[in-house]
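Asks: Pasting a structure below so you can have a look.
The values are calculated or read from the model by the stated rules, or taken from the named source; none is laboratory data. The structure presented is a predicted model; accordingly, all values stated were derived computationally and were not measured. Here the Cβ positions follow ideal geometry from the backbone for every residue, glycine too, while neighbour counts run over all protein chains shown.
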Ligand code: AHM
Ligand code: MG
């Protein structure tokens, strides 16, 4: 019998080493409990009729699935009970969820079940989150945190029992759910420098509607590597963390059906792109948006704002970055020649 190191023990050591409070552990415990419940509902969803849709449309104009609602309810319950969160933002709720403004210590941004097109098939989805911290040294102004201000971010790939957690300046770590429902066996995730197993991951059906320079760059580069696409960010990013390469969801422009254009990108900044960008950074990688700016540095103006995302090995992103910056420059209105 081999007994494994648990995630709680790993976190305790981490907090002690960095002389940090135990409050973070209470919040993490709430997230683990929520993830385990979501896993259970998802795994049994086909038999209990929970993998279908509802008649509702969310703030983003998308159909709400039953599992979206169930997963949100579970996370909100545990997070509220923990007493650790001041405000939360969920993909499923239009407004900021006000929790413990007086005693809470953290801000939580989460997507309880991301990758909705996989739900009816019971295929992998993700519970993604980012955590910001109260201003401890002065008046709290409740501002929405940029990705660089997150102290941690993670993703549960549901229903696989795999969890990845990145801690500010302390790396990106992977854990597995064991037979007693403990997350165990910390393993450091680092994007491999060697390109042997690198993969590209994007919705190739959109390729014709990416910006022209992005298309050209992909035509020159993507065929050097394997192509994999699950359609759920957590699953696609999970592969990327092990194999290296790039995941991209660029802006979609000039689509013949204008409703399908997404000039601002598809993914949500606070609870999809930023958690992934944060994990990538802690694993040695990088993420930029359609302007070539680091995703983590973007100042949020809306809790549900969208962004384009290019994330992966630093060398690949740095190669693409000047192309994106140049595209952004060309989009600026040119000063009239006098
Ligand atoms: P969702 O929040 O509606 O589930 O959308 C987010 C998902 C990501 O998980 C995934 O990377 C992307 O959308 C897939 O989009 P597409 O189906 O357009 O390829
Ligand atoms: Mg989502």
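Asks: Among 174, 220, 239, which is assigned to a strand (DSSP E or B) and either more than 30 Å from residue 14 (Cα to Cα) or more than 16 Å from ligand 2 (Cβ to nearest atom) (or both)? Before you say what the answer is, go through the steps one by one.
Replies: Details: 220 fails: assigned to a strand (DSSP E or B); 239 fails: assigned to a strand (DSSP E or B).
Checking each option against the conditions leaves just 174.
Asks: Working only within the range 91-101, note down all residues that are near ligand 2 (Cβ under 10 Å from one of its atoms) and either surrounded by fewer than 24 Cβ atoms within 10 Å (Cβ to Cβ) or outside the structural domain of residue 130 (by TED's automatic domain parsing) (or both). Break it down into steps so the answer makes sense when it comes.
Replies: Within the range 91-101, the first condition is being near ligand 2 (Cβ under 10 Å from one of its atoms), and the residues that meet it are 91-92.
Passing the criteria: only 92.
Asks: Right, next: Can you pull out every residue in the range 275-289 that is assigned to a loop (DSSP other than H, G, I, E, B) and under 14 Å from residue 265 (Cβ atoms)? Working first, answer last.
Replies: If we filter the range 275-289 for residues that are assigned to a loop (DSSP other than H, G, I, E, B), which is where we start, we get 283-285, 289.
Selection gives 289 alone.
Asks: Residue 230 fails exactly one of the following numbered conditions: (1) in contact with a strand residue (DSSP E or B) (Cβ under 6 Å, 6 or more places away or on another chain); (2) in a loop (DSSP other than H, G, I, E, B). What is the number of that condition?
Replies: (1)
Asks: One residue is enough: does the range 253-262 have a residue meeting the conditions in the same structural domain as residue 217 (by TED's automatic domain parsing), part of a strand (DSSP E or B) and either away from ligand 2 (no atom under 16 Å from the Cβ) or out of contact with any strand residue (DSSP E or B) (no Cβ under 6 Å at 6 or more places or on another chain) (or both)? Outline the logic, then answer.
Replies: First pass over the range 253-262, keeping only residues in the same structural domain as residue 217 (by TED's automatic domain parsing): 253-262.
Subsequent filtering for residues that are part of a strand (DSSP E or B) retains 262.
Those still in the list that are either away from ligand 2 (no atom under 16 Å from the Cβ) or out of contact with any strand residue (DSSP E or B) (no Cβ under 6 Å at 6 or more places or on another chain) (or both) too: none.
No, every residue in the range 253-262 fails to be in the same structural domain as residue 217 (by TED's automatic domain parsing), part of a strand (DSSP E or B) and either away from ligand 2 (no atom under 16 Å from the Cβ) or out of contact with any strand residue (DSSP E or B) (no Cβ under 6 Å at 6 or more places or on another chain) (or both).
Asks: I want to confirm something. Restricting to the range 11-47 and keeping residues that are under 17 Å from residue 169 (Cβ atoms) and without any contact (Cβ under 8 Å) to a residue 60 or more places away in the chain, which single residue is nearest to the chain's Cα centre (by Cα)?
Replies: 11
Asks: Output the residue which, of all residues in the range 177-213 that are under 20 Å from residue 115 (Cβ atoms) and in a loop (DSSP other than H, G, I, E, B), is farthest from ligand 1 (Cβ to nearest atom).
Replies: Here the residue is 189.
Asks: Which residue out of 281, 224 is free of Cβ contacts under 8 Å to residues at least 40 places away in the same chain and away from ligand 1 (no atom under 16 Å from the Cβ)?
Replies: Values: 281 fails: free of Cβ contacts under 8 Å to residues at least 40 places away in the same chain.
After applying the criteria, what remains is 224.
A quick yes/no check of all residues on (1) buried (at least 24 other Cβ atoms within 10 Å of the Cβ); (2) outside any helix (DSSP H, G or I); (3) over 14 Å from the mean Cα position of the chain (by Cα):
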{"site": "271", "(1), (2), (3)": "yes, no, no"}
{"site": "291", "(1), (2), (3)": "no, yes, yes"}
{"site": "296", "(1), (2), (3)": "no, no, no"}
{"site": "310", "(1), (2), (3)": "yes, yes, no"}
{"site": "326", "(1), (2), (3)": "no, no, yes"}
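Asks: Could you check residue 1 against (1) over 23 Å from residue 186 (Cβ atoms); (2) outside the structural domain of residue 125 (by TED's automatic domain parsing) and say which number it fails?
Replies: If we test residue 1 against (1) over 23 Å from residue 186 (Cβ atoms); (2) outside the structural domain of residue 125 (by TED's automatic domain parsing), just (1) comes out false.
Asks: So, one more: Counting just the residues of the range 102-126 that are farther than 19 Å from residue 36 by Cβ and within 11 Å of ligand 1 (Cβ to nearest atom), which one comes out surrounded by the fewest Cβ atoms within 10 Å (Cβ to Cβ)? Give the steps one after another, and end with the answer.
Replies: The first filter runs over the range 102-126 and keeps only residues farther than 19 Å from residue 36 by Cβ, leaving 102-107, 109, 116-118, 120-121, 123.
Imposing the further condition that a residue be within 11 Å of ligand 1 (Cβ to nearest atom) reduces the set to 116-118.
On the way: 116: 20, 117: 12, 118: 20.
Filtering the range 102-126 for residues that are farther than 19 Å from residue 36 by Cβ and within 11 Å of ligand 1 (Cβ to nearest atom), the one surrounded by the fewest Cβ atoms within 10 Å (Cβ to Cβ) comes out as 117.
Asks: When you check residue 270 against the structure, is it in contact with a helix residue (DSSP H, G or I) (Cβ under 7 Å, 6 or more places away or on another chain), within 16 Å of ligand 2 (Cβ to nearest atom) and not assigned by TED's automatic domain parsing to the domain that holds residue 25, yes or no?
Replies: Details: in contact with a helix residue (DSSP H, G or I) (Cβ under 7 Å, 6 or more places away or on another chain): no; within 16 Å of ligand 2 (Cβ to nearest atom): yes; not assigned by TED's automatic domain parsing to the domain that holds residue 25: yes.
No: the conditions fail for residue 270.
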